[in-house]
Amino acid sequence: MNIKIAIIDLYNGEENQGMRCIKDILNETNEKNTAVDLNYNIYESRNKNEVPNADYDIYISSGGPGDPFDGEGTKWEKKYFQLMDKIWTNNQNSNRKKYVLYICHSFQIMARYFQIGDVIERRSKSFGIVPVHKTEIGRLDNILNGLPDIFYGADFRSWQVINPNKKVFSELGAKLISIEKLRPHVDLPRAMMAVRISNEIIGTQFHPEADIASMAHHFGQKERQQQVIDEYGEKKLKEMLDHLENPENITLTRNTVIPTFLNRAIKELSS
């Protein structure tokens, strides 16, 4: 059985490790599922106005730099939202569902599209490998099975989604399944870190594709280490390097979230 996957690249032409990580996971999943053949195409949306059509079975929309509002009114974002309209309509009316995973920058755009909360700029950038907390309902969600109640995710963002819109969540049947770490000394709402919009559609603010090699690429360079010290201090750099010494933290997330999303989609598409 052939399953078609579209990877929507929102990195805007910038060098990144995210696309390599996503492709690695897809290739590994393809090797483990011998009864199906996963075929993927990549679409560079922000810099080349490439947006896939609605003929794919699975869509993975990547992270990316910058402001999640900078695409407003552009050709690519109009086409992107039109695609989301078609996917949503299909899933309401067809037995053959389409599956979508939004990551980081795409998560913020997803929040704008579904209007699930306020998308705002953070006071300071979240940077590094951070603890992520399951919500009570998140403990029951299959995509987080195998992860502890507090797990770790790669998180690089200057924006956040806060203040869940309870009316929209209720109308969609959406579920908030993880939130950012508790900060009792900061009187600010905790950001949403993962939301299940429906059985087929999910978004994560953190980077579930990140592996230890990508983190080592970020923090193993002397220039990048000095940048971290200049912006965040030596304590933050030590914290990042300590995580590299304990690769199971990020590896467990990498081996759980996207593989579970893909395997469930494959199983339901195959049936």
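The values are calculated or read from the model by the stated rules, or taken from the named source; none is laboratory data. Source: prediction; values computed, not measured. Note that we place each Cβ from the backbone using ideal geometry, even for glycine, and neighbour counts take in every protein chain shown.
Worth a mention:
- Residue within region 178-189 that is modelled with pLDDT under 90 and touching a strand residue (DSSP E or B) at 6+ places or on another chain (Cβ under 6 Å) present: yes
- Candidate set: region 85-129, residues that are assigned to a strand (DSSP E or B) and among the polar types (S, T, N, Q); chosen: the one nearest to Ile201 (Cα to Cα): Ser126
- Among the conditions (1) under 18 Å from Thr256 (Cβ atoms); (2) at pLDDT 95 or above; (3) not hydrophobic (A, V, I, L, M, F, W, C), Arg112 misses just one, which is (1).
- The set of residues in region 120-142 being among the aliphatic types (A, V, I, L, M) and either more than 16 Å from the chain's Cα centre (by Cα) or surrounded by 20 or more Cβ atoms within 10 Å (Cβ to Cβ) (or both) consists of Ile120, Ile129, Val132, Ile137, Leu140.
- One residue stands out in region 1-40 among those that are farther than 22 Å from Asn255 by Cα and not aliphatic (A, V, I, L, M): the one that is surrounded by the most Cβ atoms within 10 Å (Cβ to Cβ), namely Tyr11.
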